1. Rounded to the nearest 0.05, what FRET efficiency do L343 and E141 give with R0 = 35 Å and r taken as the Cβ-Cβ distance? Could you check?
2. With a length cut of 18 Å (Cα positions projected on each helix's long axis) and a Kyte-Doolittle mean of at least 0.0, go through the chain and give me the DSSP H helices that pass.
3. Students often check this: by mean Cβ neighbours within 10 Å, which of 165-177, 264-276 ranks highest, and how do the rest follow?
4. For the chain, what proportion of DSSP beta bridges, expressed in % and rounded to the nearest 5, is antiparallel?
5. When the label point is put 7 Å from the Cα of N58 along its Cα-to-beta-carbon vector, which residues of region 290-327 have a backbone N closer than 16 Å?
6. Can you tell me how much longer the chain between N324 and A299 gets when fully stretched, taken as 0.36 nm per residue apart minus their C-alpha distance, in nm with one decimal?
7. With θ set to phi - 60°, apply the Karplus curve 6.51 cos²θ - 1.76 cosθ + 1.60 along region 181-194 and write out the HN-Hα couplings as whole Hz, x wherever there is a Gly or Pro.
8. Mind putting a number on the dipole of the chain about its Cα centre? Charges go on the C-beta only, +1 for Lys and Arg and -1 for Asp and Glu, and I need it in Debye to the nearest 20.
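What follows is calculated from the coordinates using simple rules that are stated; it is not laboratory data. All values reported here derive from a predicted model rather than from experimental measurement. Positions of Cβ are generated from backbone atoms using ideal geometry, with glycine treated the same way; all protein chains shown enter the neighbour counts.
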Amino acid sequence: MSAGTDPMRMTAVTCVKNEGPFLLEWIAYHQLLGITDFLFYSNDCTDGTDTLLQELANLGHVAHLSNPAEGRNYQMEALKDAKSQTVVQQAHWVWIADVDEFVNIHVGDHSFAALIEACGNPQSISLNFQFFANNGVEHFEDRPVIEQFTRCHNPDLWCGETAIEVKTLTRNDFPLQYYGAHRPFFKPKMKKRAQPEWTDGSGRPVPHRFLVAANPRRIRRFPAKGARAHATLNHYALRSLDSYLVKNDRGDVNRENRAFDDTYWRERNDPAWEDLSIQRHLPALLGQIAALKAQGNVAALHDACVAAHVARRDALLKTDAYRNMRDQLSTASTLPPQEEAMLHDLGLLERAQ
């Protein structure tokens, strides 16, 4: 089904665990870009995330479900369930992303609709990540992430890799077998004429081996060079050092109790490039957040999440393990490990530092 003359409905699907302080910014931002519906799956929250989401659901802003996973594969179980949810089935487009990921659209009025038009209205659009560094921000502040973090790696090159992971916007007539976290999949061996029209963030056809998932290393990534003319995907995986410690404590929505080590931090803490373009949305974003806070008990529940986040930080820093982790990360090299190893081999490490 195509959008036709009906108003475009766009559904964002995401999974969360203890992301309470960051929910309102993410929802407000994506509302500005044209997302009309949200489907949140939460699991094992201890910071009030689920309570805030339920209030937002009661007010009609989101749909909120408990994650159906019985094992550890929270995200894939949720995406399997999402396929059957009305808010997804009735959407013209589905955007699957995490709450530390913000689409930065460079064309038209900077909306999803403008991106779709610029790309020629394909059945899928995959956008490359751009990883934003912590860049020395130690303390959590309750203000927009897109305002606080402005430095990233060279957009075309991350840790020596030209192929960078993507997230994907999918039209509802895509010949879907199942949703993946990074891209949808269609049935293998589908005839070429039946394969979907699929572009990158510049409106170019995605590489064939990505399209057909022929290369295990490239199932969810392709070269970013030249792929960002219309949009990129800002990924704030680190945020402040405070928030990173809390993130490390709770694990993530993919694998229960997974620890994020020094390598994960260093790979994403490359501050070589400054990009302020997403801040074009800041005035409207602040207004939209204020509008959400003015409804029901949203403001009080958001503040409770913030207080829980800070309290968890304080509790972690009473332990030797987390004090040592904080010291290690705050003094870690900002060179990605692969780049540092290369410079060391070339005898250039002291000069680079």
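1. Details: r = 34 Å, r/R0 = 0.96.
Approximately 0.55, to the nearest 0.05.
2. Details: long enough: 298-316 (27 Å, 0.68).
Membrane-span-like by this rule: 298-316.
3. Listed from highest to lowest mean packing, they are 165-177, 264-276.
4. Once the DSSP bridges in the chain are tallied, antiparallel ones form about 55 percent.
5. 293-305
6. 5.6 nm
7. Residue by residue, region 181-194 yields 5, 10, 6, x, 10, 10, 4, x, 6, 5, 4, 4, 5, 9 Hz.
8. Computed charge dipole of the chain: roughly 1460 debye.
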